[in-house]
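A.B. asks: Structure provided below as C-alpha cells; questions to follow.
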Amino acid sequence: MKRLQDYSAAELARFEEAAKEEYKAYQDKGLSLNMARGKPSPEQLDLSDPLYDLTREQVGVKAEDGTDCRNYGLLCGLNETRRLFGEIIGAAPENVIVCGCSSLNIMFDYVSQGCTHGVGGGTPWLFEKDRKMLALVPGYDRHFSVAEYFGFQLVNVPMTPTGPDMDLLEELVKDPSVKGMFCVPKYSNPDGVTFSDETVRRLAAMKTGADDFRVSCDLAYVVHDLYGEASDRLANVFDFARQYGTEDRFIAVASTSKITFAGAGVSAVAASDRNIAEIKKRMTVQIIGHDKINQLKHAYFYHTLKDIRAQMSRHATFLRPKFETVLRVLDEELSGLDIARWSKPKGGYFISLDVTTGSAKYVEELCRNCGVTLTPVGATFPYGKDPDDRNIRLAPSFPSVEEIELAAKIIAASVRLAACRALKNN
Ligand SMILES: Cc1ncc(COP(=O)(O)O)c(C=O)c1O
C-alpha cells in the first residue's frame, strides 16, 4: 500500500472524500461509545462474585496463624496474603506489607513520606526546592498527578519498545535533585510495553546523583497476560538490584484491583528490609491494621500464583477478543498509509495510538462529534500536555466487542481525516 504522503493531489482528494462519507454515515447513527474507561467490564467483575458471596461459615474468622481477623492486629497483613503477593511481585513474604484496596494509595503515601520525612535517611524531599521526578511518556496520568501534587517538576523521558530511553534516563538521574520516578514495567499504561531484561538491569545498575532516588515499580498489570505462556515476561528487579547493591532503590506495588474487584481488592508493597522498616514505622502511626477480612476472603480462593494465573486466563477470555478487534480494525483501515502507529500489547489494559504529529486533539474532536469518547488527549503526559499532540490512549476492556468494532472504525476514519488535514496544511 502507498503511503498517504505519496498520494497525488487527486488521489488525496478521493481518499478524503471517502473518509468523509464514511465518517458522515457513522455520525448519522447517533452513537454513544466510550473507549476511555480503563476498567474491567461487568462480565469480568462477575468472575469474582464468588468472593462477594462468601459467608462467615465458609471463610471462618481466623488467619493461618490463628489471628482473629475481625480484630486489630497484623499490621503487615496475613501471612498467607503476604506469601501470595510475594509470589506475584517476586519478593520474600517478609519484605511484603499487605495494605488496603489501592496500590495508588501506597505510592502516594510513599512520596508523601519522602517529602515530609525523607527516605533512606535522606533530607525530606520538600526541602529540595528544585525537586524533580522523571515522567516516562506516554504514561499513567495519576503517577504524574502524585508528583505534581507534591510540587515535583516532571522531566519527560520517552518510552521505547523496550522501556524508557535508558541513555537519556541515565544522564538525567545524575542530577541530585531528581528524586525518583514511577514506572509500569509490565504492560505499561498506555503502550503495553514490558521492560526488557537489559532495561531492568540498567535501572538497577545506574549511578544516581541522589542517594535517595527511588523507583516506584507499579506492577498494576504484572499478571494481566492475554496469551498465557506466550505473553511477556518481566525480569525480577530485586534480583538485579541485589547484584548491584541497589535494593533500596526500588519500591514495588501491586493490587488485585483488576484481578478481583477494582477498588475493593487488596494491595501490597514489597521493598528491601530497610525500606520496609521505614514504611512500617510510618504505617504504625497511620493505621492499626488494614482490612484483614478482605484478605481472608481473597486467601480463601487464591493460595498461590497458579490460582491467580487461572483467574487471569478467565479475564483474558473476555479481554482478548476486544484487543484483537481494535488491532484488526486499525490494521485493516490504517496500515501501510504511514499516518499512525499503534502498540500490539500481549497484556494490560490499553492500546496506545500515535497519529500524525499535531493531530491527536483533532482526532479526539472528530471522534467526540461522532459519539466516541476517548481518553482526553494529553492525559498520557505531565500537565496534560502532549508536546507533539500525537498520542491517544485506547481502553478496550469495558465496551462490548460490537461497540469496540464500531468505535475503532470511527477512530480510524477520524485518523484518516486528520491526516488529510495535516498533509494539506503542510
Ligand atoms: C498503572 C496503574 N497503576 C495503578 C492503578 C490503580 O491501581 P489501584 O486500584 O491498586 O490503586 C491503575 C488503574 O488504572 C493503573 O493503570
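A.B. asks: Consider segment 106-128. How many of its residues are within 16 Å of the ligand (Cβ to nearest atom) and touching a strand residue (DSSP E or B) at 6+ places or on another chain (Cβ under 8 Å)?
C.D. replies: 4
A.B. asks: Would you check if there is a residue in segment 281-293 being open to solvent by 60 Å² or more (accessible area, probe 1.4 Å), in contact (Cβ under 8 Å) with a residue 24 or more places away in the chain, touching a helix residue (DSSP H, G or I) at 6+ places or on another chain (Cβ under 8 Å) and acidic (Asp, Glu)?
C.D. replies: No, every residue in segment 281-293 fails to be open to solvent by 60 Å² or more (accessible area, probe 1.4 Å), in contact (Cβ under 8 Å) with a residue 24 or more places away in the chain, touching a helix residue (DSSP H, G or I) at 6+ places or on another chain (Cβ under 8 Å) and acidic (Asp, Glu).
A.B. asks: Taking into account only those residues within segment 38-88 that are in a loop (DSSP other than H, G, I, E, B) and within 16 Å of the ligand (Cβ to nearest atom), which is surrounded by the most Cβ atoms within 10 Å (Cβ to Cβ)? Talk me through it step by step, then tell me what you get.
C.D. replies: Going residue by residue through segment 38-88, those that are in a loop (DSSP other than H, G, I, E, B) are 38-41, 47-48, 53-55, 60-61, 63-67, 69-78.
With the extra rule that they be within 16 Å of the ligand (Cβ to nearest atom), the set shrinks to 38-41, 48, 77.
Values: Gly38: 21, Lys39: 14, Pro40: 23, Ser41: 17, Ser48: 22, Gly77: 26.
Per the stated criteria, the residue is Gly77.
A.B. asks: Can you tell me which residues in segment 343-365 are closer than 21 Å to Arg328 by Cβ and either surrounded by fewer than 22 Cβ atoms within 10 Å (Cβ to Cβ) or not aliphatic (A, V, I, L, M) (or both)?
C.D. replies: Ser343, Lys344, Pro345, Lys346, Gly347, Gly348, Tyr349, Phe350, Ser352, Asp354
A.B. asks: Taking the options Val237, Val193, Val222, Val215, name whichever one is β-branched (Val, Ile, Thr), open to solvent by 10 Å² or more (accessible area, probe 1.4 Å), in contact with a strand residue (DSSP E or B) (Cβ under 8 Å, 6 or more places away or on another chain) and more than 26 Å from Ser41 (Cα to Cα).
C.D. replies: Val237
A.B. asks: Please go through segment 89-105 and pick out each residue that is away from the ligand (no atom under 13 Å from the Cβ) and in contact with a Gly (Cβ under 7 Å, 6 or more places away or on another chain).
C.D. replies: Ala92, Pro93, Val96, Ile97
A.B. asks: Can you tell me which residue is least open to solvent (accessible area, probe 1.4 Å) among those in segment 1-25 that are touching a residue at least 60 places away in the same chain (Cβ under 8 Å) and within 21 Å of Val372 (Cα to Cα)?
C.D. replies: Ala19
A.B. asks: Looking at this structure, is Pro382 assigned by TED's automatic domain parsing to the domain that holds Phe15, open to solvent by 40 Å² or more (accessible area, probe 1.4 Å) and of a type outside the set (Gly, Ala, Ser)?
C.D. replies: no
Every residue, every condition in (1) touching a Lys or Arg at 6+ places or on another chain (Cβ under 8 Å); (2) assigned to a strand (DSSP E or B); (3) in contact (Cβ under 8 Å) with a residue 60 or more places away in the chain, yes or no:
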site: Gln113; (1), (2), (3): yes, no, yes
site: Val119; (1), (2), (3): yes, no, yes
site: Leu126; (1), (2), (3): no, no, no
site: Lys129; (1), (2), (3): no, no, no
site: Leu154; (1), (2), (3): yes, yes, yes
site: Pro158; (1), (2), (3): no, yes, no
site: Glu170; (1), (2), (3): yes, no, no
site: Pro176; (1), (2), (3): no, no, no
site: Pro190; (1), (2), (3): yes, no, yes
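A.B. asks: In segment 347-366, what count of residues is obtained for those that are within 14 Å of the ligand (Cβ to nearest atom) and either assigned to a helix (DSSP H, G or I) or among the hydroxyl-bearing types (Ser, Thr, Tyr) (or both)? Step through it out loud before you land on a result.
C.D. replies: Within segment 347-366, the first condition is being within 14 Å of the ligand (Cβ to nearest atom), and the residues that meet it are 347-352.
Those still in the list that are either assigned to a helix (DSSP H, G or I) or among the hydroxyl-bearing types (Ser, Thr, Tyr) (or both) too: 349, 352.
Total satisfying the criteria: 2.
A.B. asks: If you take the residues in segment 247-264 that are open to solvent by 20 Å² or more (accessible area, probe 1.4 Å) and in a loop (DSSP other than H, G, I, E, B), which one is nearest to the ligand (Cβ to nearest atom)? Working first, answer last.
C.D. replies: Going residue by residue through segment 247-264, those that are open to solvent by 20 Å² or more (accessible area, probe 1.4 Å) are 247-249, 257-258, 261-264.
After this cut, where a residue has to be in a loop (DSSP other than H, G, I, E, B) as well, the list is 257-258, 261-264.
Numbers: Ser257: 3, Lys258: 7, Phe261: 10, Ala262: 6, Gly263: 6, Ala264: 10 Å.
So, considering only residues that are open to solvent by 20 Å² or more (accessible area, probe 1.4 Å) and in a loop (DSSP other than H, G, I, E, B), the one nearest to the ligand (Cβ to nearest atom) is Ser257.
A.B. asks: Go over the candidates Val215, Val269 one by one and state the one that is within 16 Å of the ligand (Cβ to nearest atom) and closer than 15 Å to Val98 by Cα.
C.D. replies: Values: Val215 fails: closer than 15 Å to Val98 by Cα.
On inspection, the qualifying residue turns out to be Val269.
A.B. asks: Looking at the structure I just gave you, is Ile288 aliphatic (A, V, I, L, M), away from the ligand (no atom under 13 Å from the Cβ) and modelled with pLDDT of 95 or more?
C.D. replies: yes
The values are calculated or read from the model by the stated rules, or taken from the named source; none is laboratory data. All values reported here derive from a predicted model rather than from experimental measurement. Note that we place each Cβ from the backbone using ideal geometry, even for glycine, and neighbour counts take in every protein chain shown. The area values use the complete protein model at the heavy-atom level, side chains included, leaving out ligands, DNA and RNA. Shrake-Rupley method; radii C 1.70, N 1.55, O 1.52, S 1.80 Å.
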